[in-house]
Amino acid sequence: MRILKNNIYSYLSSHFSRCNLNTMDKNPVNDLIYVNSADAMSYALEVAGVGARSYAFVLDWHIRLLAALVWIYLSAFLFYDLSIFSTLFEEDTANAAAAWVIFLPATIMYFFYHPILETMMHGSTPGKRTAGVRLMTLEGFTPGIGSILIRNIFRLIDGLPGVYTVGLIVAIFTRNHVRIGDIAAGTVLVYEKNTGKQSLSDVAQQSLNSSLSAENYDLLLELLERWHQLDKAQRIHLGQQFLNRIGDEIHPQDQTQLKSHLQKLAGV
């Protein structure tokens, strides 16, 4: 069995090392962080740059501002009258109650937008999703509510003296382009396109749904990841070798059916 695994790994490594040597100078690699799962599998996540971070923030800022303004005018129109604004801050009990109804939800929408949505959307927000980035821990997991709260509390510092000047400067010069809040919370922004298949939260769930051992599962993911770079004969040869390794009695001869069967085994 070990000889078979080494043969597959050796073939994949030698084949793709030659490809990488030819393209290394033409395709500079972006900043990556490498994380390990509990079953010893390693994954690379591409760190989002300052541009993507800023783009996501600007989008979220407009969304939360718009949401707050819509609530202010909609609540005034539905519950009172737009003329309420002319007398809203006069010393009157009725006006005080109206002020709470109009401005308290708007304040919550604006200032608690990030922690609420990052918790509900598992490290994402509408702005982050549009920008193609996602918040993760340095271990590759979706951050918990504690980390999210710490990260957002430090916005008070990152936002100084205005327009997130401190946070922007820190993000420019830190290794993973993180602001002070990320450093305190142990979080980082990564590109969503690289976490869809490689997020350890997703991989852990896939592993639970698979009957393969961690070693075989790791090998299967490696084969599927390289699938599109292999020719037809190589795909069938390596796919059949893997099925023989795990004792699978199904041996599709068609490469499309073979790949579908391998993906089913991987739970993807």
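Observations on the model:
- The test for being surrounded by fewer than 21 Cβ atoms within 10 Å (Cβ to Cβ) and more than 23 Å from residue 60 (Cβ to Cβ) does not hold for residue 138.
- Identity of the residue in region 226-243, in a helix (DSSP H, G or I) and loosely packed, with under 12 Cβ neighbours inside 10 Å, that ends up farthest from the chain's Cα centre (by Cα): 233
- So residue 83, is it exposed (fewer than 15 other Cβ atoms within 10 Å of the Cβ) and among the hydroxyl-bearing types (Ser, Thr, Tyr): yes
The numbers here are math on the coordinates, done by the rules we state, and not lab data. This structure is a prediction, so every number in the text was calculated from the model and none was measured. Neighbour counts are summed over all protein chains in view; Cβ atoms, including those assigned to glycine, are modelled from backbone coordinates with ideal geometry.
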